[in-house]
Each structure stands twice: as structure tokens, then as C-alpha cells.
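The values are calculated or read from the model by the stated rules, or taken from the named source; none is laboratory data. Note that the coordinates shown come from a computational prediction; the quantities given were computed from them, not determined experimentally. No Cβ is skipped: glycine too gets one built from the backbone with ideal geometry, and neighbour counts run over all protein chains shown. In case anyone asks, the SASA skips ligands and DNA or RNA and just uses the protein heavy atoms, side chains included. Shrake-Rupley method; radii C 1.70, N 1.55, O 1.52, S 1.80 Å.
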Amino acid sequence: MQLTSILFACLFSLGTDTIAPDTLTAAADSAATDSIEGFVFTTVDSVGITPVKDQHRSGTCWAFSTLGFLESEVMRLNKGKQVDMSEMYVVSKTMLDRAEYCVRMYGDVRMAAGGSAYDVIYCMENYGLVPQAAMPGIRYGWTKADTLPVHGELDAITRHYVDALTKSGLKRLSPVWRQGLQAVYDQYLGVCPETFEYEGKTYTPQEWVRSLGLHAEDYVSITSYTHHPFYSRFALEVPDNWRMDRMYNVPLEDLMAIIDNALAKGYTMAWGADVSEDGFTRKGIGVMPDADKGADLTGSDMAHWLGLSASEKKEELTKKPLPEMEVTQQMRQDAFDNWENTDDHGMQIFGIAKDQNGKEYYMVKNSWGTVRSDYHGIWYISRAFMAYKTNDILVHKDAIPKDIRRKLGIK
């Protein structure tokens with residue numbers, strides 16, 4: 001392995017938050033060259049990101065990915081300034097709001113750990129944000145180095161707490177149930193600070209946001225489905241969009257144009273996607289190979305192809321660059337309507353790379369740590385996968401092409 005790749009892995013394992021963007025790019029390139037047989041990636045362009053984190057055993061990708069996006073926004077707005085934001089501050093604030101929503105709906109919506117990118121923007125606007133050091137978010141000692149979240153017990157307790165309120169036939173609620181649930185989150189995640197010290201100054205969470213130049217009204221959610229009119233807004237019907245964020249709806253070609261334009265102008269995006277597809281591997285690849293061609297794609301004879309197990313076929317179709325499906329707007333809609341496209345995971349789009357054949361891929365920062373993929377936490381997502389499996393993106397409004405902004409009425 002090349003020296004830059006080794007340095008990249010070591011820096012991430014130490015949790016440093018001072019890696020320069022060019023170091024990230026160089027490390028990703030060297031990791032790619034030394035990694036999956038059949039895929040060789042070269043970075044075309046990338047925007048600065050902060051180091052990959054590990055959500056570990058918690059359903060909080062939405063917080064990790066969107067805060068990673070906001071950390072890149074701070075870099076863009078403040079001449080490369082790097083900050084490390086507390087995910088668990090956002091989780092605590094959001095889950096209390098979600099519990100109240102579940103109670104108001106008499107338990108007809110579920111209490112769960114998931115969320116959306118908009119939850120982070122809502123928290124930023126209404127509660128502020130805090131640095132990681134002000135609220136590390138780990139109060140128990142079961143995990144590797146006591147620093148990684150394990151939320152199975154917390155999620156079970158809070159779910160049953162809300163169920164006890166909404167499904168036990170109670171005729172009236174006490175005025176203290178919120179304080180009781182807050183105490184649970186305080187014990188597991190720590191108490192959300194009202195003030196904290198940062199770089200020699202005292203801030204409230206909302207003062208800190210303002211000092212970073214972040215404004216909630218600058219960020220918009222974009223999606224692309226035909227069951228609502230294009231160039232209008234609607235609340236995407238997925239469970240984790242429980243705040244009913246009204247996203248802007250655009251045709252697929254506009255969605256892809258927004259992503260490309262944002263990267264070209266130096267913006268990253270928070271990405272909500274379905275990663276249950278066979279083409280999304282744990283090694284760091286997301287592709288949509290045309291499996292119907294079977295042996296024609298893999299170079300095997302048909303009898304051999306038909307004799308492979310599902311996992312073996314997946315391995316064949318994702319071990320090297322192959323022709324991919326032609327994705328259409330109707331394919332997206334059919335997959336969404338039939339539960340084949342689900343709201344699975346949140347990540348951060350930050351760059352463009354090419355494989356050895358000149359085919360372009362999007363570079364995506366994940367939150368599964370640096371050792372579970374071949375590219376130290378970076379995924380390479382083909383254009384076909386991005387077009388088919390994107391549920392929504394969160395982006396700064398200035399990153400949207402002007403003609404599309406006009407159609408959406410965004411000023």
C-alpha cells in the first residue's frame with residue numbers, strides 16, 4: 001500500500017479533524033488503486049470533507065451524513081475552517097420531538113431511531129448545534145474504546161416508553177412524561193449543554209451556528225417522483241420524513257443536473273438513498289449492473305451463470321466495471337410505489353471519479369468507519385445507481401442551476 005494510503009488510514013483511526021481536502025483526495029486515490037480487483041478509480045474533482053466517522057450500531061446515519069455536509073459547508077464558508085459537530089446533540093433533540101409527535105398522533109406513527117436530513121436543519125434552526133467536545137454522546141462503556149454508539153437498548157427503552165403512553169388505554173397524560181423521557185436520553189447520551197466553551201469564547205448552541213455562517217433557510221430538499229407535480233413541493237411519503245419536510249420535486253434529469261452543478265461549483269450534498277440493492281456492496285461500490293444479461297456480462301457460460309447462488313451472482317456483477325441499466329423516471333416511480341426503493345441510508349456526496357474505462361462515479365462519504373470498506377469509508381457510486389436509488393438530496397439553494405431555481409420559485 002502506498003504511503004499516502006497508509007497515512008490516510010492512520011489519521012482516520014486517530015479521529016483527527018484536521019485533514020486537508022487534498023490529503024483526503026490523494027488518500028482515496030491511492031486506496032482505490034490498491035483495492036478491489038477490477039476497479040481502479042482516479043479522482044476528477046472533489047470538495048473538502050471532514051474525516052469519516054462511525055455510527056456503529058445506531059440508526060443515526062441521518063445525523064452523521066447531514067452534519068458531515070454542514071461541516072463541509074463551514075469549510076466552504078470560512079476559508080477551510082474545520083469543525084467537528086456533535087451528532088448525539090441532534091439525536092437527543094430530534095428524538096424528543098419525534099416522541100411528542102408520536103404521542104400527539106396517539107401512537108399511529110412509530111417511535112424509531114431514523115430521521116431525515118431536514119431533522120438536522122430543523123435542529124440547527126430551533127435548537128442550534130454544538131461541537132463534539134461539548135457533547136461526546138457516549139455515557140456507557142461497552143464499545144470499542146468507549147467511543148462508538150450502541151443504541152439497541154436506548155431505542156428499545158424509548159420505543160416502549162412511548163408505546164406505554166399511547167397504547168395502554170390511558171385517558172389522560174401526566175405533565176411530566178416529557179421530562180421522564182428526556183432523563184433517559186440524558187443518561188445514555190449526556191445532557192444537551194445550554195452553553196459551552198469553544199476556542200476561548202462562550203456560546204449558546206444557536207450563537208455557535210450563527211458564528212459559523214450557517215442559515216437554515218439556505219438549505220432545501222430535492223426529490224424526483226411522478227405521483228406529485230414537477231416543480232411543486234410535497235412531503236415525501238417515507239416513515240423517517242415524520243416532520244413532513246416539503247421537498248421540491250423535479251424531473252430526473254434536473255435532479256442529476258443539480259447534483260452535477262453543485263459539485264462543479266464547490267458544494268457537497270446530503271444524500272438519502274436506498275442501499276438494499278445488490279449493486280451496493282460493503283466494499284465501497286454502488287452500481288446497477290444489467291443482471292438480465294447474466295453470462296454475457298460476466299464472461300461465464302449460461303449454465304454456470306444459472307447455477308450460481310444469489311450471493312455468488314452479486315459477487316460476479318460487482319467485482320469489475322460492467323454495462324449498467326438505463327434508468328428512467330418510470331423505473332424510479334415503479335420501484336418507489338412497489339417498496340423496492342426504500343429510505344435506507346444517509347451519506348454525503350462530495351466528488352467525481354473515473355474508473356479505468358473513463359466511466360464517471362460519484363464519491364460519497366459514508367459513516368461506517370474507515371475499516372469496513374476498501375476505500376477507507378469512501379464509496380464510489382455510478383451515475384445509474386445515483387439516478388435510480390436517490391430518494392432525496394439536501395443542498396444549498398445557490399448550488400441549484402439558475403434555470404431550475406426559477407422553475408421552483410427559489411430566490
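Can you report the number of residues in region 303-342 which are closer than 21 Å to Asn241 by Cβ, open to solvent by 70 Å² or more (accessible area, probe 1.4 Å) and of a type outside the set (Asp, Glu)?
So the answer is 2.
Answer yes if at least one residue in region 216-225 is of a type in the set (A, V, I, L, M) and closer than 28 Å to Ala353 by Cα, and no otherwise.
Yes, region 216-225 contains a residue that is of a type in the set (A, V, I, L, M) and closer than 28 Å to Ala353 by Cα.
From the residues in region 366-377 that are of a type outside the set (Ser, Thr, Tyr) and out of contact with any helix residue (DSSP H, G or I) (no Cβ under 6 Å at 6 or more places or on another chain), which one is surrounded by the most Cβ atoms within 10 Å (Cβ to Cβ)?
Taking region 366-377 and keeping what is of a type outside the set (Ser, Thr, Tyr), we get 366, 368-369, 371-372, 374, 376-377.
Right, trim to out of contact with any helix residue (DSSP H, G or I) (no Cβ under 6 Å at 6 or more places or on another chain) and you get 366, 368-369, 371-372, 374, 377.
On the way: Asn366: 27, Trp368: 20, Gly369: 18, Val371: 12, Arg372: 13, Asp374: 19, Gly377: 24.
Here the residue is Asn366.
Somewhere in region 215-225, is a residue part of a loop (DSSP other than H, G, I, E, B) and not aromatic (Phe, Trp, Tyr)?
yes
What residue, of Tyr361, Tyr380, is surrounded by 19 or more Cβ atoms within 10 Å (Cβ to Cβ), more than 16 Å from the chain's Cα centre (by Cα), at pLDDT 95 or above and closer than 30 Å to Leu67 by Cα? Lay out the reasoning, then the answer.
Numbers: Tyr380 fails: more than 16 Å from the chain's Cα centre (by Cα).
None of the other options fit; the residue is Tyr361.
Hey, among the residues in region 235-278 that are of a type in the set (Gly, Ala, Ser) and in contact with a Lys or Arg (Cβ under 8 Å, 6 or more places away or on another chain), which one's least open to solvent (accessible area, probe 1.4 Å)?
Among those residues, the one meeting the criterion is Ala273.
So in region 198-234, with the set limited to residues that are touching a Phe, Trp or Tyr at 6+ places or on another chain (Cβ under 8 Å) and over 25 Å from Gly272 (Cβ atoms), which one is least open to solvent (accessible area, probe 1.4 Å)?
In this case the residue turns out to be Trp208.
Only one of these is within 24 Å of Val287 (Cβ to Cβ), open to solvent by 10 Å² or more (accessible area, probe 1.4 Å) and either at pLDDT below 95 or out of contact with any helix residue (DSSP H, G or I) (no Cβ under 6 Å at 6 or more places or on another chain) (or both): Asp45, Asp17. Name it.
Details: Asp17 fails: within 24 Å of Val287 (Cβ to Cβ).
Of the residues listed, the single one that is within 24 Å of Val287 (Cβ to Cβ), open to solvent by 10 Å² or more (accessible area, probe 1.4 Å) and either at pLDDT below 95 or out of contact with any helix residue (DSSP H, G or I) (no Cβ under 6 Å at 6 or more places or on another chain) (or both) is Asp45.
Which of the residues that make up region 117-128 are open to solvent by less than 20 Å² (accessible area, probe 1.4 Å) and either under 12 Å from Ala63 (Cα atoms) or free of Cβ contacts under 8 Å to residues at least 12 places away in the same chain (or both)?
If the condition is that a residue be open to solvent by less than 20 Å² (accessible area, probe 1.4 Å) and either under 12 Å from Ala63 (Cα atoms) or free of Cβ contacts under 8 Å to residues at least 12 places away in the same chain (or both), then Ala117, Asp119, Val120, Ile121, Cys123, Met124 are the ones that fit.
Taking the stated definitions as given, is Val74 in contact with a Leu (Cβ under 8 Å, 6 or more places away or on another chain), at pLDDT 95 or above, in a loop (DSSP other than H, G, I, E, B) and open to solvent by less than 10 Å² (accessible area, probe 1.4 Å)?
Judged against the criteria, Val74 is not a match.
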